[in-house]
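Remarks on the structure that follows.
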Amino acid sequence: MRLVRLLLLSVVVILGDNNFDGPALYQITEPVTHAECPTWDSRNNLLYYVDVWPGTIYSYNYTSKELTSITLQGPISPVVPSKSNPNLLIAGIGRTIVAVQWNREDGTYTSKTLLTLAEDKPDSNMNDGKADKEGRIWFGTMDQDADTVNHPDRGTLYKITKNLSSPEVMIAPVNVSNGLVWNKANNKFYYIDSPTQQIAEYDYDDTSGEISNRRVTFYLKDHGLDASPDGMTIDEDDNLWVALYGGGSVIKVNPTTGDLLGRFPIPAESVTSVMWGGPDLDILFITTSRIGLTEEQIMKQPGAGSVFALTNLGTKGVPVFEADIIDSI
Ligand SMILES: *[C@@H]1O[C@H](CO)[C@@H](O)[C@H](O)[C@H]1NC(C)=O
Ligand SMILES: *[C@@H]1O[C@H](CO)[C@@H](O)[C@H](O)[C@H]1NC(C)=O
Ligand SMILES: *[C@@H]1O[C@H](CO)[C@@H](O)[C@H](O)[C@H]1NC(C)=O
């Protein structure tokens, strides 16, 4: 794999001075069309992500730098490894939730559709999603053409437990259900419906799995930013890291004070998502897209569609949770 060190001086860091130990950005994969939903499996030191439209799941082996993939049927997003078995992935495909058993010895897979969501919104697709601490999965949907002006309110955020016959609607309607994350104390939930350009905060009760008291903790426009907030993760200091689609950057936000703590340029205007990984969880993996770009734009941002790694950020992530909805296919 190519390992390209990019941009040192243009990175804006509010905390601390510019120095040679500052943030460094690497392009770690070749581009695909629309890389999305990175997730880190610390049991195998693997970074998973998808190329949405062809339906490809990639795994990047941090130790060997080797990239392997399987292709199902797109659109696929997200993918979450299971608690019972790291090679049992729970994925969103179209409006379905699918279990995928990846056989790493011979590169084959078997899959099984577990349930179909959004029967009332046939023109929607699954978008971002994650597991909570109890292993329930929170998967959201959006209009399949992403045309929220002509097709408003086609998204829903669902929660699915082991009882697969009773998916629960958590937030509806939304336009483009996107980034979601829980804080370290596990009593707050942060959520992005992209076109709102807001990060919303809810109280969260892990026992019941319920959210309440929505309030806006960060509005991009209040900080002179005009882009779509997309995927989101959190660090050990409870600061949020948010991919800006159409904003060519990742921002760091303190959700308690509402402060913008930093903005990190990425050489791709469509930044789709972020996830902490690496053996010490101190590398921020960043997925990007080249969908909708002209040839000319691609010439100017040849890395668009690849995965980047941002290091030396002076903080690190917390482990992500695994899905616990089925034990095997
Ligand atoms: C990742 O690569 C290392 C080094 O080659 C290898 O030992 C390990 O088995 C690989 N992990 C997976 C999950 O394939
Ligand atoms: C599962 O959900 C269905 C539908 O809501 C309900 O009728 C059933 O009692 C639930 N089963 C369990 C074991 O909770
Ligand atoms: C979705 O987008 C439409 C069109 O911009 C807007 O009218 C509607 O209020 C949005 N829905 C939500 C839940 O924000």
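The values are calculated or read from the model by the stated rules, or taken from the named source; none is laboratory data. The shown structure was predicted, so the numbers you read here are calculated from the model rather than taken from an experiment. Positions of Cβ are backbone-derived with ideal geometry, glycine not excepted, and every protein chain shown enters the neighbour counts. Quick note on the areas: whole protein, heavy atoms, side chains included, nothing else; ligands and nucleic acids left out. Shrake-Rupley method; radii C 1.70, N 1.55, O 1.52, S 1.80 Å.
Among residues belonging to segment 279-329 that are among the small types (Gly, Ala, Ser) and open to solvent by 20 Å² or more (accessible area, probe 1.4 Å), point out the one that is farthest from Pro54 (Cα to Cα). Among residues in segment 279-329 that are among the small types (Gly, Ala, Ser) and open to solvent by 20 Å² or more (accessible area, probe 1.4 Å), the one farthest from Pro54 (Cα to Cα) is Gly314. Annotation note: Cβ proximity below 7 Å between a residue of segment 103-120 that is open to solvent by less than 70 Å² (accessible area, probe 1.4 Å) and a residue that is within 16 Å of ligand 3 (Cβ to nearest atom) (sequence gap 6+ or interchain) occurs for Leu117/Thr141; Leu117/Tyr158; Ala118/Ser124; Ala118/Thr141; Ala118/Thr156. Screening the candidates Ile199, Ile234 for the property of being more than 24 Å from Thr148 (Cβ to Cβ), open to solvent by less than 10 Å² (accessible area, probe 1.4 Å) and of a type in the set (Val, Ile, Thr) yields one hit, Ile234.
Somewhere in segment 279-288, is a residue under 27 Å from Trp182 (Cα atoms), modelled with pLDDT of 95 or more and out of contact with any strand residue (DSSP E or B) (no Cβ under 9 Å at 6 or more places or on another chain)? Within segment 279-288, one or more residues are under 27 Å from Trp182 (Cα atoms), modelled with pLDDT of 95 or more and out of contact with any strand residue (DSSP E or B) (no Cβ under 9 Å at 6 or more places or on another chain). When Asp206, Asp145 are checked against the criterion of being without any contact (Cβ under 8 Å) to a residue 40 or more places away in the chain, farther than 21 Å from Leu89 by Cβ and surrounded by fewer than 18 Cβ atoms within 10 Å (Cβ to Cβ), a single residue qualifies: Asp145.
For segment 76-92, a residue qualifies if it is more than 16 Å from ligand 1 (Cβ to nearest atom) and open to solvent by 30 Å² or more (accessible area, probe 1.4 Å), and the qualifying residues are Lys83, Ser84.
Exactly one condition in (1) buried (at least 17 other Cβ atoms within 10 Å of the Cβ); (2) out of contact with any helix residue (DSSP H, G or I) (no Cβ under 9 Å at 6 or more places or on another chain) is false for Asn175; which is it? Against the list (1) buried (at least 17 other Cβ atoms within 10 Å of the Cβ); (2) out of contact with any helix residue (DSSP H, G or I) (no Cβ under 9 Å at 6 or more places or on another chain), Asn175 comes up short only on (2).
Taking the conditions exactly as written (crowded, with 16+ Cβ neighbours inside 10 Å, assigned to a strand (DSSP E or B) and in contact (Cβ under 8 Å) with a residue 24 or more places away in the chain), does Thr39 satisfy them or not?
Criteria met by Thr39.
Taken over segment 217-231, the criterion of being under 21 Å from the mean Cα position of the chain (by Cα) and open to solvent by 70 Å² or more (accessible area, probe 1.4 Å) is satisfied by Tyr219, Asp226.
Among residues of segment 52-63 being over 17 Å from the mean Cα position of the chain (by Cα) and crowded, with 16+ Cβ neighbours inside 10 Å, the one that is farthest from ligand 1 (Cβ to nearest atom) is Pro54. Scanning segment 42-51 for residues being open to solvent by 10 Å² or more (accessible area, probe 1.4 Å) and aromatic (Phe, Trp, Tyr) gives a total of 0.
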